[in-house]
Amino acid sequence: MTSIYSKRTLSLVKGGRKLLVGYVLAGYPGKEDFFRVLDVINSSPLDIIELGFASDDPYSDGAVIAEAHKAVDRKQCCSLAYWKRIRDYTDKPVWMMGYGKDIVDSGIYTDFCRAGVIDGLVIPDLDEKKRVSLISEAGRYGVDVIGFSNPDMDDEELGDVFSTFPLVYEQLYVGKTGKGSQVETYHHMLDKALTYSHVVGLAGFGISTAEQVERKYREGFDGVIIGTAIIRHLNESLASLSGYLEDIGRVKETWQL
């Protein structure tokens, strides 16, 4: 088992609370407008910000998030200087979500870890060996590498993930974000995760309503990750986003120790 290296993240996990992680895209809907989004998030019940690093090919994301990627000025909003501004603007843990070609192959993640602007790395398209190899390197800078599991993994694969990563993004289905799945096949994955007492399992993919959040908490997940629904509400207005996060937050508060 590895340790949780980020002090910000560890302080949340130690509290034994149900967690709420929200995805937004750095620089969306605009370079300066994004800080108005952060104002909403800073006053919201979100515990952790999963902060997207814009890509020209966000192939694992559904249409809503993919369209947001197209709107971002990548040269400015993917710069270390911009992310330093974000780090100074919020006290919440910031997990960088990006694709391997954009942040690993380029070596950008090293600069961001060393600069102390992120608390975690969420990289869905890395093979497991490469993801594991990043743990000690990122950990030196107080940055966690988030593991991934999905319902298509067999017991051995799931065991490898849960024995290696204390923070695991448990995908509820296999496919693009935001689409949802008509058939629930994640229960075996969840049952396996619950046998590892150190694992903080975060349910993601297809979660959008307060009722779904409540159900995932009740089933035993330690937290939920919401992405597409947040971007949809942001596309409507900041007020819509704020109201939505408050509604979800009320569910979370009923589950706190």
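The values are calculated or read from the model by the stated rules, or taken from the named source; none is laboratory data. Given the structure is predicted, the values throughout are model-derived calculations rather than measurements. Cβ coordinates were reconstructed from backbone atoms using ideal geometry, including for glycine residues, and neighbour counts include every protein chain displayed. When the accessible area is computed, the model is the full protein with side chains, heavy atoms only, and any ligands, DNA or RNA have been set aside. Shrake-Rupley method; radii C 1.70, N 1.55, O 1.52, S 1.80 Å.
Please determine whether any residue of the stretch 163-171 is among the aromatic types (Phe, Trp, Tyr), in contact with a helix residue (DSSP H, G or I) (Cβ under 9 Å, 6 or more places away or on another chain) and modelled with pLDDT of 95 or more.
There is at least one residue in the stretch 163-171 that is among the aromatic types (Phe, Trp, Tyr), in contact with a helix residue (DSSP H, G or I) (Cβ under 9 Å, 6 or more places away or on another chain) and modelled with pLDDT of 95 or more.
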> If you take the residues in the stretch 60-79 that are without any contact (Cβ under 8 Å) to a residue 40 or more places away in the chain and loosely packed, with under 14 Cβ neighbours inside 10 Å, which one is nearest to SER237 (Cα to Cα)?
Replying inline: LYS70
> What number goes with the only condition from (1) over 18 Å from the mean Cα position of the chain (by Cα); (2) surrounded by 14 or more Cβ atoms within 10 Å (Cβ to Cβ) that MET96 does not pass?
Replying inline: (1)
> Based on what the data block shows, is TYR59 part of a loop (DSSP other than H, G, I, E, B) and among the aromatic types (Phe, Trp, Tyr)?
Replying inline: yes
> Can you tell me how many residues in the stretch 125-135 are surrounded by fewer than 17 Cβ atoms within 10 Å (Cβ to Cβ) and either assigned to a helix (DSSP H, G or I) or hydroxyl-bearing (Ser, Thr, Tyr) (or both)?
Replying inline: 4
> Given the structure, is GLU50 out of contact with any helix residue (DSSP H, G or I) (no Cβ under 9 Å at 6 or more places or on another chain), within 23 Å of GLY204 (Cα to Cα) and modelled with pLDDT of 95 or more?
Replying inline: yes
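Need at least 2 residues that are among the β-branched types (Val, Ile, Thr) and crowded, with 20+ Cβ neighbours inside 10 Å per element, so show me which strands (runs of 3 or more DSSP E) inside the stretch 141-257 make the cut, counting only ones lying wholly within it.
Once the strands (runs of 3 or more DSSP E) in the stretch 141-257 are filtered for at least 2 residues that are among the β-branched types (Val, Ile, Thr) and crowded, with 20+ Cβ neighbours inside 10 Å, what remains is 223-226.
Residues checked against (1) among the hydroxyl-bearing types (Ser, Thr, Tyr); (2) touching a strand residue (DSSP E or B) at 6+ places or on another chain (Cβ under 6 Å); (3) at pLDDT below 95:
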| site | (1), (2), (3) |
| --- | --- |
| SER106 | yes, no, yes |
| ARG114 | no, no, no |
| VAL117 | no, no, no |
| ILE123 | no, no, no |
| SER149 | yes, yes, no |
> Considering ILE49, ILE65, ILE41, which residue is among the hydrophobic types (A, V, I, L, M, F, W, C), within 30 Å of HIS198 (Cβ to Cβ), touching a strand residue (DSSP E or B) at 6+ places or on another chain (Cβ under 9 Å) and not in a strand (DSSP E or B)?
Replying inline: ILE41
>> Regarding the stretch 106-124, can at least one residue be identified that is in a helix (DSSP H, G or I), open to solvent by 10 Å² or more (accessible area, probe 1.4 Å) and within 29 Å of GLY243 (Cβ to Cβ)?
In response: no
>> I need the full set of residues from the stretch 1-52 which are open to solvent by 10 Å² or more (accessible area, probe 1.4 Å) and among the β-branched types (Val, Ile, Thr), in order please.
In response: THR2, ILE4, VAL13, VAL40
> Regarding ALA138, is this residue without any contact (Cβ under 8 Å) to a residue 40 or more places away in the chain, open to solvent by less than 70 Å² (accessible area, probe 1.4 Å) and not in a strand (DSSP E or B)?
Replying inline: no
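If only one of ASP88, ASP102 is of a type in the set (D, E, K, R), part of a helix (DSSP H, G or I) and surrounded by 15 or more Cβ atoms within 10 Å (Cβ to Cβ), which one is it? Working first, answer last.
On the way: ASP88 fails: surrounded by 15 or more Cβ atoms within 10 Å (Cβ to Cβ).
So the residue among ASP88, ASP102 that is of a type in the set (D, E, K, R), part of a helix (DSSP H, G or I) and surrounded by 15 or more Cβ atoms within 10 Å (Cβ to Cβ) is ASP102.
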